[in-house]
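First up is the structure itself, then whatever we jot down about it.
The values are calculated or read from the model by the stated rules, or taken from the named source; none is laboratory data. Remember, predicted model here, so these are calculated numbers, not experimental data. Cβ atoms come from the backbone with ideal geometry, glycine included; neighbour counts cover every protein chain shown.
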Amino acid sequence: MKKRLIILISSIVVIFAFFSISFFYGATNLQRIFLAVSLIALTFLSVYIFFGVGKLVTSLIYGMILALMLALLPDYDLPLIFIGTFVFALNPLYEFEKNIDKNLPEEKSIIDYLRGSYNAYYQYRKEIKEYYHLPQVRKVYTKPNYLRLRQGITIVLSMLAVFLLIREVNNLINLLKSFDIHLFFASTYSVITILAITVMLYKKGFQSAFNLLAVSVFPPLAYSMFLIRPLYLGLILGFLSVISGAAMAVYQYFAYRSRIVYEYYHYYDHEKQVEVYANALFEPYVYDEAFNLSTTFKLSIDLNEFNKAFQNIVVFADFKKFFITAYTYKKNDLTIYTDFHYSDYQNIDKFKKLLEETFNETVIIKVIEDNEKTFYEQNFFHKDDYIVARTVYLARMLKKFEIKSNVVISFMVYFQDLSKLISLSKNYSVIRIPEYDLDGVITARIDMKVSNVDYIIESKVRELLLDLLIYHGKYIRVSVLY
């Protein structure tokens, strides 16, 4: 990963230095050459950084073949560009690309490297964003016409972006043709914008693509306004466009950051006699060692009043990069459970202050340096009520995608006594997983096929948990399949 980072930084510095020198001190032809070289270099550099060596090799093959054909057949540049666009889109060397990636050691993502010890939270943020867009995802699975429309527009925009990119590079290479620096930047901006909107449409849906489009129209609009004559009118309209664009960008940024959700398992903890709203997306990060400041915030408040302000609390947590792992409620006593990064003691005080200012109530905090990562496990993760709630939640998610068949509840468990596992296997479908075995620990998977009905699932899960207790088995995690 350090290699990729060094290549990225050094390449950008070199390209920017040569580009600056040629732009301010070079002749027109020299400017054209460096513009073309910079655009090509940045394109292939981006391919390598974000997609890896396999995609870089296939892209270089396509690019060299296309460049050779354009040089040999200049009179057929437009048809060749169309053909090249289709080749890039269809990627006939996909299997070759996969083979290269398979035989090269996998490297850590450059983005993960830059995030450092906060990487777990950024992964979590990605998940809460995806759950915000879940209604759009459901349409992909439940409405075939919506899926076809979205795929069709994505393909058209992708091919348009590739076509414009190849066309512009070809114009720059042919120095005998007319060249306009303003048209070049307009074309480059169009390519970048179309690519960004295409990616947004593919990943998030139409609404997110429109949000990005609302911001991206302002730079060319402002540029056009500055060209209006008389000069004073162009300046007024141009600065108004700049201010409007900046306001729209700020609004969209904060709107984007607020488009998150707190997915939860809602259940009643019979042991503590409290209502629990446990974070449904936190489970993969329970054992992340960087977020070891397990902190509780207790206050007296009505649950409805708390829920009215809860979205603002979730947004605050996202800005400060800490986990709200759960909250519990019992007779106006509310407790918020959180995990903070080991270096973020100051954010604990800031969150306490936010709660006190929002609800005008005294907040009692308790901080535990949970280096062994057992606090959440003991309070939620391995409690029977939590396990039942998680299983029912996952089964309901399948219903939302109109998957109405029976479900398979799959438990990962471990035993320290093989005879106990053998005894349990007489009542359940048990599969050994030796690759996860440790010294004195035997890992297995228990599968149960049941109807996707809440009370049936709850009954079966509680029955299995009781049998695990009897046979001294330990729960690891549960999944629901179909």
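The table below gives the values:
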item	result
Scan of the stretch 392-418 for residues that are among the aliphatic types (A, V, I, L, M) and under 29 Å from the mean Cα position of the chain (by Cα), ordered by number	V392, L394, A395, M397, L398, I403, V407, V408, I409, M412
Among residues of the stretch 231-247, those that are surrounded by 15 or more Cβ atoms within 10 Å (Cβ to Cβ) and of a type in the set (G, A, S), counted	4
Meets criteria (more than 30 Å from M397 (Cα to Cα), modelled with pLDDT of 75 or more, under 25 Å from the mean Cα position of the chain (by Cα) and surrounded by 17 or more Cβ atoms within 10 Å (Cβ to Cβ)) for L56	yes
Some residue of the stretch 225-242 being among the polar types (S, T, N, Q), in contact with a Phe, Trp or Tyr (Cβ under 9 Å, 6 or more places away or on another chain), farther than 22 Å from D344 by Cα and not assigned by TED's automatic domain parsing to the domain that holds Y342	yes
Condition check for V413: of a type outside the set (D, E, K, R), touching a Gly at 6+ places or on another chain (Cβ under 6 Å), surrounded by 13 or more Cβ atoms within 10 Å (Cβ to Cβ) and in contact (Cβ under 8 Å) with a residue 60 or more places away in the chain	yes
Residues located in the stretch 331-355, provided they are farther than 20 Å from K321 by Cβ and touching a residue at least 12 places away in the same chain (Cβ under 8 Å)	N332, D333, L334, T335
Single unsatisfied condition, Y113 versus (1) surrounded by 13 or more Cβ atoms within 10 Å (Cβ to Cβ); (2) modelled with pLDDT of 75 or more; (3) of a type in the set (S, T, Y)	(2)
Top-ranked residue in the stretch 320-341 [being part of a loop (DSSP other than H, G, I, E, B) and touching a strand residue (DSSP E or B) at 6+ places or on another chain (Cβ under 6 Å); ranked as farthest from G116 (Cα to Cα)]	N332
Hits in the stretch 266-294 (condition: over 18 Å from I313 (Cα atoms), buried (at least 18 other Cβ atoms within 10 Å of the Cβ) and among the aromatic types (F, W, Y))	Y267, Y285, F291
Unmet requirement for V392, which otherwise passes all of (1) at pLDDT below 95; (2) farther than 17 Å from P284 by Cα	(1)
